Amino acid sequence: MPIPDLTNTTTFPAFDGLPIEEDGAAPGMDAREEWFLVAQVKQNMTITKPTVVVADRAGDEFAITFEDRGIDLRPVKTGWTIVVPRACRTAPKEGKKGFVRVAEGKGTGVKYVPAGLERVFELGRAVREGGEGEGEGGGGGAAAGEMCAGCGKAGGEVKSCTGCGVVRYCGKECQTKDWKTHKLDCKALKGMVNAWGTASMPRGSRLMGIPDYFVLSPLKNLEGMKAF
């Protein structure tokens, strides 16, 4: 699936909008075909079960626990975004709020994006709406897959970033020129693609503080570029 509309609170509900699990299992019926909990990791609280404390899009803090004891949360950093497909919350008990329990066998389906929740929303919006911008080449109406994210030239051959697969460039010159900008978001975009799918990013995304160009390489230095 393509990177979805993260502003859709039906598909991306806050904690209070999650269905309540029934007797430790996911509810049998839900009108939604698919939904995701997205939240920002605040703290790793693993003692016996793998557990993280997170904050959702409304700023509400709660715990996510994993029934799979073999899940290793040590690589997950504070500030990252966690994506839990079809998340359910436990019912509140004795005045205590519930939490999200990831059932046994489902832990590997949970994804992580190495960026804060706000930035993930910004990038998601940029990817979805970038095609509406106006590039220098005047190709704002061109298909995303046909437009260079650096110079805005449309209609020629372009190649995708070998890291995120989202941004595309017509040549190494454009790729090299804008690498300093793109490297800040390349890993985050790769994480979003891993969680939801792929999309290409054209020029012209002047929204939410994102420059009107993206770049094309995930590599640590320009010598290692492999896209061309």
Filter result for Ala91 (surrounded by 16 or more Cβ atoms within 10 Å (Cβ to Cβ) and either without any contact (Cβ under 8 Å) to a residue 24 or more places away in the chain or aliphatic (A, V, I, L, M) (or both)): no
Search result, residues across segment 39-56 that are within 15 Å of Gly79 (Cα to Cα) and surrounded by 21 or more Cβ atoms within 10 Å (Cβ to Cβ): Ala39, Gln40, Val41, Val52, Val54, Asp56
Candidate set: segment 9-25, residues that are surrounded by fewer than 15 Cβ atoms within 10 Å (Cβ to Cβ), part of a loop (DSSP other than H, G, I, E, B) and more than 18 Å from the chain's Cα centre (by Cα); chosen: the one modelled with the highest pLDDT: Asp23
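Looking at segment 94-122 only, could you name the residues that are over 18 Å from the mean Cα position of the chain (by Cα) and surrounded by fewer than 17 Cβ atoms within 10 Å (Cβ to Cβ)?
Narrowing segment 94-122 to residues over 18 Å from the mean Cα position of the chain (by Cα): 94-106.
Of everything in segment 94-122, those that are over 18 Å from the mean Cα position of the chain (by Cα) and surrounded by fewer than 17 Cβ atoms within 10 Å (Cβ to Cβ) turn out to be Glu94, Gly95, Lys96, Lys97, Phe99, Ala103, Glu104, Gly105.
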Flag if Gly197 is of a type in the set (Gly, Ala, Ser), surrounded by fewer than 18 Cβ atoms within 10 Å (Cβ to Cβ) and at pLDDT 50 or above: yes
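With hydroxyl-bearing (Ser, Thr, Tyr), in contact with a strand residue (DSSP E or B) (Cβ under 6 Å, 6 or more places away or on another chain) and either over 29 Å from Glu33 (Cα atoms) or modelled with pLDDT of 90 or more (or both) as the only criterion, which of Thr176, Thr65, Thr108, Thr162 stands out?
Working: Thr176 fails: in contact with a strand residue (DSSP E or B) (Cβ under 6 Å, 6 or more places away or on another chain); Thr108 fails: in contact with a strand residue (DSSP E or B) (Cβ under 6 Å, 6 or more places away or on another chain); Thr162 fails: in contact with a strand residue (DSSP E or B) (Cβ under 6 Å, 6 or more places away or on another chain).
From the options Thr176, Thr65, Thr108, Thr162, the qualifying one is Thr65.
Among the residues of segment 167-187 satisfying the criterion of being outside any helix (DSSP H, G or I) and out of contact with any helix residue (DSSP H, G or I) (no Cβ under 8 Å at 6 or more places or on another chain), which is surrounded by the most Cβ atoms within 10 Å (Cβ to Cβ)?
At the first step, the residues of segment 167-187 found to be outside any helix (DSSP H, G or I) are 167-171, 178, 183-185.
Still in the running and out of contact with any helix residue (DSSP H, G or I) (no Cβ under 8 Å at 6 or more places or on another chain): 170-171, 178, 183-184.
Values: Cys170: 24, Gly171: 18, Asp178: 21, Lys183: 16, Leu184: 12.
The residue in question is Cys170.
The values are calculated or read from the model by the stated rules, or taken from the named source; none is laboratory data. Remember, predicted model here, so these are calculated numbers, not experimental data. So basically every Cβ, Gly included, is an ideal-geometry build from the backbone, and we count neighbours across all protein chains shown.
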